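Written below as C-alpha cells is the structure these notes are about.
The values are calculated or read from the model by the stated rules, or taken from the named source; none is laboratory data. This one's a predicted model, so the numbers in the text were calculated from it and none came from an experiment. Here the Cβ positions follow ideal geometry from the backbone for every residue, glycine too, while neighbour counts run over all protein chains shown.
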C-alpha cells in the first residue's frame, strides 16, 4: 500500500475577520496533520487589504503563483471599507479571478439544522427538524461575470448595466454536478429559476429538464421560481435535498439558508473544478465560510470560526478524500456546541460566550476526546 500523495494547502486569511477565523482553522489543520497523519503541506499568503498594506498590491504575482500551485485553498473573507479609499481598488476582484481562472464553477453550500442550535434560529424547531440540504450554485457565469457591464451616461442620464448570460454547456455541466451529488444523497433535485420572466431562466429550465430526462431518470426533479424558493426555505427547509441554482440566486438563497443553521457564521462552502472524461483531473478547490468579512466586529476576537472550520471539513472530504476525518471534524464541532460552547452569534440571551480563539480551543479539546474511538483514516 503506497502512501497518499501530499497536497499543497494554501491559507489566504484575507480581510476583516478572515485572519481571526483562519488562525483557528489552521490550528485544526495542524491537529489533523499531527494526530491523523494528514498529508498536507501548508503555505500562507496575505490577500486583500493586508497584502496592500504590506506590499502595495491586493494580489501579488508571488501569491498568484502559490494559488496556481495549490491543491486546496482555505480562504477567509474579502471586503473592507478601506477599498473605497484606495484609487482603482476593486473589492472582490481577486476572489472573482480565482473562481474564473481556476475554473471553480461548482459551489457547494450545505445547510444543516443542528439540534443544539434550534433554539437560536428564528425558525421554529418543528420547521427545522431533518433539514439537511446542499445548495449547488453555478459560480463562474451569470450576471456576476456577464458583459457588457459598467456605469455609463446616455443622453445625459447615468445608468448601470449588468448582463445575465448562460450558455447551454455552462448550464449542463453544473446540472450534472447537482444530479451526481443527488445520487449520493436522497436523489432529489429542485432547480431554481425565474423562467416566467427571464429568457436565461427559460433556457436554464429547458436544459435541466432535458438532461434529467435523458441521463438522470432515477433522480426526482422539481422546479421553483426563485421567489417561491426563498419562501420555501423558511417555511419548510426539510423538503429540499439538492437545490440547483445559477450564480446570483444561489448567493441570495444560501444566506437565507443561514436562518435554518442558526447563524451565517455556521455555514461552510466549497468551490471546485469539474471532472475529466477519464475521472478526476488535478482537483482544485477553494474552501471558505459564506459569512463575509464582517468589518463591524473585525479585530474584536468574537467572530464564529465554525463556518471556516467546517469548510476545512469539506476540504477533508473533497480534496483529501477522507470522509471519516471530515465526519470526525463535523461531529466534534457540533458536540462542542451541544456541550455549551457558544460564540456570541449562536448564544441564547444570558448564555456565556466564548471568544474566537476559545471556540477553536473547545473544538480541539473535543477532537482530542473523540479521536481514539474514531476509525483510522484510509491512507491508500
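Among the numbered criteria (1) more than 22 Å from residue 368 (Cβ to Cβ); (2) out of contact with any strand residue (DSSP E or B) (no Cβ under 9 Å at 6 or more places or on another chain); (3) buried (at least 24 other Cβ atoms within 10 Å of the Cβ), which one does residue 263 miss?
(3)
Do you know which residues across the range 154-192 are more than 13 Å from residue 136 (Cα to Cα), part of a strand (DSSP E or B) and in contact with a strand residue (DSSP E or B) (Cβ under 9 Å, 6 or more places away or on another chain)?
Answer for the range 154-192, where residues must be more than 13 Å from residue 136 (Cα to Cα), part of a strand (DSSP E or B) and in contact with a strand residue (DSSP E or B) (Cβ under 9 Å, 6 or more places away or on another chain): 158, 159, 160, 161.
Residues 39, 87, 5, 19: which one is over 16 Å from the mean Cα position of the chain (by Cα), touching a residue at least 40 places away in the same chain (Cβ under 8 Å) and more than 29 Å from residue 302 (Cα to Cα)?
Residue meeting the stated conditions: 39.
Would you confirm whether any residue within the range 303-314 is under 17 Å from residue 25 (Cα atoms) and surrounded by fewer than 17 Cβ atoms within 10 Å (Cβ to Cβ)?
For the range 303-314, residues under 17 Å from residue 25 (Cα atoms) and surrounded by fewer than 17 Cβ atoms within 10 Å (Cβ to Cβ): absent.
Of the conditions (1) assigned to a loop (DSSP other than H, G, I, E, B); (2) touching a residue at least 40 places away in the same chain (Cβ under 8 Å); (3) within 20 Å of residue 115 (Cα to Cα), residue 320 satisfies every one except a single condition; which number is it?
(3)
Just checking, how many residues over the range 203-232 are assigned to a helix (DSSP H, G or I) and in contact with a strand residue (DSSP E or B) (Cβ under 8 Å, 6 or more places away or on another chain)?
Selection size over the range 203-232: 8.
With 286, 248 as the choices, which residue is crowded, with 20+ Cβ neighbours inside 10 Å and either part of a strand (DSSP E or B) or in contact with a helix residue (DSSP H, G or I) (Cβ under 9 Å, 6 or more places away or on another chain) (or both)?
The match here is 286.
Does any residue of the range 148-158 turn out to be closer than 22 Å to residue 288 by Cα and not assigned by TED's automatic domain parsing to the domain that holds residue 288?
The answer is no, given that none of the residues of the range 148-158 is closer than 22 Å to residue 288 by Cα and not assigned by TED's automatic domain parsing to the domain that holds residue 288.
Table: residues versus (1) more than 17 Å from residue 229 (Cα to Cα); (2) buried (at least 17 other Cβ atoms within 10 Å of the Cβ).
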| position | (1), (2) |
| --- | --- |
| 174 | yes, yes |
| 177 | yes, yes |
| 183 | yes, no |
| 191 | no, yes |
| 195 | no, yes |
| 207 | yes, yes |
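Considering each of 65, 84 in turn, give the residue that is surrounded by fewer than 20 Cβ atoms within 10 Å (Cβ to Cβ), at pLDDT below 95, assigned to a helix (DSSP H, G or I) and out of contact with any helix residue (DSSP H, G or I) (no Cβ under 8 Å at 6 or more places or on another chain).
84
Out of 178, 114, I need the residue that is touching a helix residue (DSSP H, G or I) at 6+ places or on another chain (Cβ under 9 Å), under 21 Å from residue 232 (Cα atoms), touching a residue at least 40 places away in the same chain (Cβ under 8 Å) and outside the structural domain of residue 211 (by TED's automatic domain parsing). Which one?
Being touching a helix residue (DSSP H, G or I) at 6+ places or on another chain (Cβ under 9 Å), under 21 Å from residue 232 (Cα atoms), touching a residue at least 40 places away in the same chain (Cβ under 8 Å) and outside the structural domain of residue 211 (by TED's automatic domain parsing) holds for just one of 178, 114, which is 114.
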